[in-house]
Amino acid sequence: MLDSIFSAALTSTELTFTNAILTIVISIALGGIISYTYMKTNPASYSQSFTLTMVLLPVIVAIIILLIGSNVARAFSLAGAFSIIRFRSAPGDPKDITFVLFTMASGLACGVGSFGYAVLFTLILCVLMFILNRTKFGVRTSLQKTLKVTIPEDLGYEEAFNEVFAKYNVGYELKKIRTTELGSLYELVYAVTIDEHTSQKELLDAIRCRNGNLDLSLTMNPTTTDY
């Protein structure tokens, strides 16, 4: 029985009204499931434009496949038409790119008529996404940050904050040293690893007591340019 369901793919490449409606409805449903999964597993970072895109993308891909069929000339014509479309955007998060490929695969499966397999792998992957999100798979228990501290010239920078870092169990590496205010002050740049349970306020207060309440900053999402 299951084999009959999953082998019920459209063998005809002819675009008919019934096939088009069935493909559109199933593609929208699968796109909605994928988009809902993305929203639930990324509650703090998703945007409306991206979630709407994931609903529409499977339909667009499926219709393109239906239009192409087995016609090689039509495939080259559509490829030429779509080659003039340029998407300019910042590089996305790897997870976002994965969901885009997910929706495209769902649309491709619907476009070739493999509705049973399209529903099957969509449900399996959505459940897998929920499980990985609930179990917090791959989540770091420590935070990588950049700490910039200004100290007076009479304070030895080599061991200025060793006791503070040891007290709060902070891993650190001194990345950069430079002088400011005509050489009267030093600016130190550390790459620090802070446990998620460590109070960042208490850590900064301890550093302020050591550096005479001079300027300091803690970058939450450091990049290589911060060094």
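The values are calculated or read from the model by the stated rules, or taken from the named source; none is laboratory data. Just so it is clear, the model here is predicted, and its values are computed rather than measured. So basically every Cβ, Gly included, is an ideal-geometry build from the backbone, and we count neighbours across all protein chains shown.
Take the residues of region 160-191 that are aromatic (Phe, Trp, Tyr) and part of a strand (DSSP E or B): which is farthest from residue 147 (Cα to Cα)?
186
Listed here are the residues, each with its yes/no results for (1) more than 17 Å from residue 142 (Cα to Cα); (2) surrounded by fewer than 16 Cβ atoms within 10 Å (Cβ to Cβ).
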| position | (1), (2) |
| --- | --- |
| 152 | yes, yes |
| 163 | yes, yes |
| 167 | no, yes |
| 178 | yes, yes |
| 186 | yes, no |
| 197 | no, yes |
| 213 | yes, yes |
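Go through the residues of region 46-57 one by one and say whether even a single one is assigned to a loop (DSSP other than H, G, I, E, B) and either of a type in the set (Asp, Glu) or under 19 Å from the mean Cα position of the chain (by Cα) (or both).
Checking region 46-57: at least one residue is assigned to a loop (DSSP other than H, G, I, E, B) and either of a type in the set (Asp, Glu) or under 19 Å from the mean Cα position of the chain (by Cα) (or both).
Assigned by TED's automatic domain parsing to the domain that holds residue 212 and touching a strand residue (DSSP E or B) at 6+ places or on another chain (Cβ under 6 Å): does that describe residue 168? I'd like the intermediate steps shown before the answer.
Numbers: assigned by TED's automatic domain parsing to the domain that holds residue 212: yes; touching a strand residue (DSSP E or B) at 6+ places or on another chain (Cβ under 6 Å): no.
No, not satisfied.
Taking residue 194, is it assigned to a helix (DSSP H, G or I) and farther than 30 Å from residue 24 by Cβ?
No.
Has region 111-128 got any residue that is part of a helix (DSSP H, G or I), more than 25 Å from the chain's Cα centre (by Cα), in contact (Cβ under 8 Å) with a residue 12 or more places away in the chain and not assigned by TED's automatic domain parsing to the domain that holds residue 32?
Checked region 111-128: no residue is part of a helix (DSSP H, G or I), more than 25 Å from the chain's Cα centre (by Cα), in contact (Cβ under 8 Å) with a residue 12 or more places away in the chain and not assigned by TED's automatic domain parsing to the domain that holds residue 32.
For region 162-179, which positions are touching a Phe, Trp or Tyr at 6+ places or on another chain (Cβ under 8 Å) and of a type in the set (Phe, Trp, Tyr)?
165, 172
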